[in-house]
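Worksheet: the structure to be examined is printed underneath.
The values are calculated or read from the model by the stated rules, or taken from the named source; none is laboratory data. Everything numeric here is computed off the predicted structure, so don't read it as measured data. A quick note on method: Cβ atoms are made from the backbone with ideal geometry, for glycine too, and the neighbour counts reach across all protein chains shown. Protein only, heavy atoms only, side chains kept; ligands, DNA and RNA dropped before computing areas. Shrake-Rupley method; radii C 1.70, N 1.55, O 1.52, S 1.80 Å.
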Amino acid sequence: ILTGVLALGGIAVVIWWVPAETLEHAQAPKGSLREVLTHVPSLRNNLGVFVLHGVMLAMWVAVPSLLVQAGLNKSLHWQLYLPVVLLSLLFLGVVFAMERRGHLKKVFLLSIGLIAVVQVGLLVQSLGTPSLGVLAVLLLVFFCGFNALEATLPSLASLIAPQAMRGAALGVY
């Protein structure tokens, strides 16, 4: 019910509060879906977010069993996940500061590197008896990289798309 009420409220805001589009914007050339789907930098970015979410999905399949093997009962996994995710959000302050200074590419590459290191670390952990402390550090590093990419990839999608097709590019993203 709350979702329905909020949706109706959103519709009312769009109809009666949001100003009409200016003539300048209405007459601007618009990009087509075909242009977006053939724009190589946007495709690369879209593939990147697809792979990122695939890695995250694989983590949610593999990590719980590693945590159980390390001695953490399933009902207590939240006690590891919650602090790790909250601590990783602090890393976003550094990410946003670097992005404002024009270091988006460095943030992007650093984040990819962090996730790659975590994957190797998880592989090593899976070959023997996993350590809860090592898994906690690996999860913290993973979420630092993941949150940074999750925050910067939409911005990158907007930056690399030609102006005429930004809306369509973000929609495909």
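Structure notes:
- Working from label points 7 Å from Cα in the Cα-to-Cβ sense, the Val137 to Lys74 distance is 2.9 nm.
- Phe146, Phe50, Phe108, Phe96, ranked by accessible area, largest first (probe 1.4 Å): Phe50, Phe96, Phe108, Phe146
- Nearest-10 value in Å² for the accessible area of Ile11, using the 1.4 Å probe: 90 Å²
- Cα gyration tensor shape for the chain, rounded if a/c is under 1.5, else prolate or oblate: prolate
- With the charge dipole of the chain set up from +1 on Lys and Arg Cβ and -1 on Asp and Glu Cβ about the Cα centre, the Cα lying farthest toward the positive end among the listed residues Leu138, Val172, Phe96 is that of Leu138.
- Accessible area ranking (1.4 Å probe, heavy atoms, ligands and nucleic acids excluded), largest first, for Thr152, Thr3: Thr3, Thr152.
- Part-to-part distance (alpha-carbon centres) for region 1-60 and region 132-173, which is given in Å: 15 Å
- Put a plus charge on the Cβ of each Lys and Arg, a minus charge on the Cβ of each Asp and Glu, and nothing anywhere else: the dipole of the chain about its Cα centre is then about 260 debye.
- For region 1-95, the mean projected area of the C-alpha convex hull, equal to one quarter of the hull surface, is 12.0 nm².
- Calculated FRET value between Trp17 and Glu150, using beta carbons and R₀ = 22 Å, to 0.05: 0.15
- Relative to the current alpha-carbon distance between Leu109 and Val124, full extension at 0.36 nm per residue lengthens the span by 3.1 nm.
- Paramagnetic label zone (point 7 Å from Cα along Cα-to-C-beta, Tyr173; backbone N under 20 Å) in region 48-76: 48-56
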